[in-house]
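Report on the structure given below.
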Amino acid sequence: MTELSIRQIPVLKDNYVYLIRDPDSGSTGVVDPAVAGPVLDALKDTGWRLTHILNTHHHGDHTGGNLELKHATGCTIVGPRADRDRIPGIDIELGDGDTYEFGKRAAHVFDVPGHTRGHIAYWFPDSRALFCGDTLFIMGCGRLFEGTPAQMWKSLGKLKALPPETRIYCAHEYTQNNARFALSVEPGNVDLVARARRVDDMRARNIPTVPGTMAEELLTNPFLRADQPSLQQVAGHVGDPVATLAEIRHRKDVF
Ligand code: ZN
Ligand code: FE
């Protein structure tokens with residue numbers, strides 16, 4: 001099975017924008033274009049012709065380049081149905097359970113509210129790639145701007161259920177800070193201690209820590225681990241993953 005070609009473009013302070021291309025059809029998409037300029041430069045560089053924008057949610061650091069890119073290339077804009085009024089230039093609306101044919105590659109769509117109320121994630125099983133915007137970060141999760149801890153727990157549960165080899169293409173390089181926080185709530189997690197050390201080393205050499213794999217997240221991401229008794233004990237909510245997630249999200253907000 002042919003895989004997507006994926007090119008990571010760092011923009012702004014800590015955003016990642018992704019160019020994705022299906023080599024069989026030539027379909028070329030950009031996931032969450034915060035800005036247009038660096039995307040146009042990358043297109044020039046690769047010789048790829050932009051056919052799609054795939055948005056995960058409405059925030060400006062994910063949609064800021066939409067209209068300029070559409071104007072420049074005539075591309076189709078795909079985004080969350082639940083937030084269609086806040087996605088500039090949206091053409092195709094998607095929601096939970098939809099499959100979107102991106103060229104010859106299928107993207108499975110999940111509603112993952114919590115960070116915003118209309119957040120979606122795109123999973124390309126053939127490429128083992130998940131584009132999850134600001135819902136799941138490496139060792140972290142998005143702030144709850146428009147949703148509840150219960151919604152976020154349910155959203156993370158959908159992502160957690162994906163195959164462990166799934167690569168997580170999130171929209172920010174927040175990993176080093178997330179690791180420091182994770183260590184504050186799980187200091188005895190040996191996988192976490194080892195991963196935090198690797199992350200420090202990568203960041204010291206300016207290497208992106210994204211993507212990571214779901215297998216690593218299951219072992220080290222405290223927000224995915226709110227069902228673990230040891231973390232529930234730390235949060236003071238044994239037997240309650242939602243209250244545990246709420247507590248550790250609050251602690252992260254003030255970390
Ligand atoms: Zn956001
Ligand atoms: Fe963001």
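Brief remarks on what is shown
- Among (1) within 16 Å of ligand 1 (Cβ to nearest atom); (2) without any contact (Cβ under 8 Å) to a residue 24 or more places away in the chain; (3) small (Gly, Ala, Ser), the one test that Gly79 misses: (2)
- Conditions (1) on the phi > 0 side of the Ramachandran plot; (2) surrounded by 24 or more Cβ atoms within 10 Å (Cβ to Cβ); (3) more than 14 Å from ligand 2 (Cβ to nearest atom); number of the one not met by Tyr122: (1)
- In this entry, Thr2 passes the filter for residues that are at pLDDT below 95 and either more than 15 Å from ligand 2 (Cβ to nearest atom) or open to solvent by less than 10 Å² (accessible area, probe 1.4 Å) (or both).
- Some residue of the stretch 87-99 being more than 14 Å from the chain's Cα centre (by Cα), small (Gly, Ala, Ser) and within 16 Å of ligand 1 (Cβ to nearest atom): no
- For beta carbons closer than 8 Å, sequence separation of 6+ or different chains, a first residue in the stretch 227-255 that is without any contact (Cβ under 8 Å) to a residue 24 or more places away in the chain and a second that is of a type in the set (Asp, Glu), the qualifying pairs are Gln232/Asp240; Gly236/Glu247; His237/Glu247; Thr244/Asp227.
- One residue stands out among those in the stretch 149-164 that are surrounded by fewer than 20 Cβ atoms within 10 Å (Cβ to Cβ) and in contact (Cβ under 8 Å) with a residue 60 or more places away in the chain: the one that is nearest to Pro208 (Cα to Cα), which is Lys160.
- Arg167 fulfils the conditions (1) farther than 19 Å from Ser230 by Cα; (2) buried (at least 20 other Cβ atoms within 10 Å of the Cβ); (3) in contact (Cβ under 8 Å) with a residue 40 or more places away in the chain except for a single criterion, (2).
- Some residue of the stretch 65-86 being away from ligand 2 (no atom under 16 Å from the Cβ), buried (at least 22 other Cβ atoms within 10 Å of the Cβ) and under 26 Å from Ile138 (Cβ atoms): yes
- Members of the stretch 40-64 that are surrounded by 17 or more Cβ atoms within 10 Å (Cβ to Cβ), within 16 Å of ligand 2 (Cβ to nearest atom) and outside any loop (DSSP other than H, G, I, E, B): Ile53, Leu54, Asp61, His62, Thr63
The values are calculated or read from the model by the stated rules, or taken from the named source; none is laboratory data. On a predicted model such as this, the values are computed, not experimentally measured, just so you know. When we count neighbours, we look across all protein chains shown, and the Cβ atoms used for this are built from the backbone with ideal geometry, even at glycine. Note: accessible area is taken over every heavy atom of the protein model, side chains too, but ligands, DNA and RNA are not part of it. Shrake-Rupley method; radii C 1.70, N 1.55, O 1.52, S 1.80 Å.
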